[in-house]
Amino acid sequence: MSAEVLVMCSACGRPQSAGRPRCIACEALLPEAPLPGGPAPGQPFLQADLGGGRMLSGEGTRLLYQPHPSVMVPPVELGSLREVRLESHFFKEALALLAFVALGAIASVLVLKVFAFGMAALGTLLAVTCRSHVLVLEPREGRAVHWPLGLARRGSSRDARLLSAWGALAEAMRARGIPVHGPGVEASPADSRGHGPHA
């Protein structure tokens, strides 16, 4: 025999069997009952340590992102999302080190020349071997939210950790009917229908 599912009226506080749209006592609208076997409302469904103090988590109907242990950005409601995707870019910021080429070209001291061209070479190497992952949350209305997951060397354990966090998030989002796009995620027919040209 299955256990009875109860909900509590948010207006008068009376517990009652799920299935009715309104409270039997005060006729207020009842909250939605949890799905059998599914997570209870408000319970965590995702907890990912991204390293460097960054955390990504899902709780109830919200996604939360913590870029630093002492900082928490405003949460995003799942019901407001049109799609979620992961964007991965080469480490373009490292190319700023190419500015040392100019210093090396005009330097008259050999040690300074070696240092300058060495820094430029390092910048090129970092740009080629590293990439940054950014989670993009596209709402039905308003501007997209960008959450940097972190920077990692391609193929490293950190890179694998970030992609694993993305995979767990993508699975959780698809289970809740939200289209996802990004590395390692195959588009379903529902995703394809929901993914149109961006404005």
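The values are calculated or read from the model by the stated rules, or taken from the named source; none is laboratory data. Small disclaimer: the values here were computed from a predicted structure and weren't measured. With ideal geometry, Cβ positions are generated from the backbone for all residues, glycine too; neighbour counts draw on all protein chains shown. Remember, those area values only see protein heavy atoms, side chains included, never the ligands or the DNA or RNA. Shrake-Rupley method; radii C 1.70, N 1.55, O 1.52, S 1.80 Å.
Please report the accessible area of V111 (heavy atoms, 1.4 Å probe, ligands and nucleic acids excluded) in Å², nearest 10.
Only protein atoms counted, so the area is about 110 Å².
Classify the stretch 79-183 from the C-alpha gyration tensor, please: rounded if a/c falls under 1.5, else prolate or oblate depending on whether a/b exceeds b/c.
Prolate is the answer for the stretch 79-183, as a/c is 1.5 or above and a/b outweighs b/c.
Compute the signed sum of charges (Lys and Arg +1, Asp and Glu -1) over the other residues within less than 13 Å, Cβ to Cβ, of S80.
Combined, the nearby Lys, Arg, Asp and Glu give +1.
As I understand it, the dipole of the stretch 54-159 uses +1 on the Cβ of Lys and Arg and -1 on the Cβ of Asp and Glu, about the Cα centre. Which of L81, T124, F91 lies farthest toward its positive end?
T124
Could you tally the net charge around A160, taking each other residue with its Cβ under 11 Å from the Cβ of A160, Lys/Arg +1 and Asp/Glu -1?
With Lys, Arg at +1 and Asp, Glu at -1, the neighbours total +3.
Per-residue accessible area for K92 at 1.4 Å probe radius, Å² rounded to 10?
About 120 Å², ignoring ligands and nucleic acids.
May I ask you to rank E27, E171 by accessible area, largest first, using a 1.4 Å probe over the protein chains only?
E171, E27
Any chance you could look up the accessible area of S80 with a 1.4 Å probe, heavy atoms only, rounded to 10 Å²?
50 Å²
Order H133, H68, most accessible first, counting only protein heavy atoms with a 1.4 angstrom probe.
H68, H133
Top to bottom by accessible area (1.4 Å), largest first, where do I178, I24 land?
I24, I178
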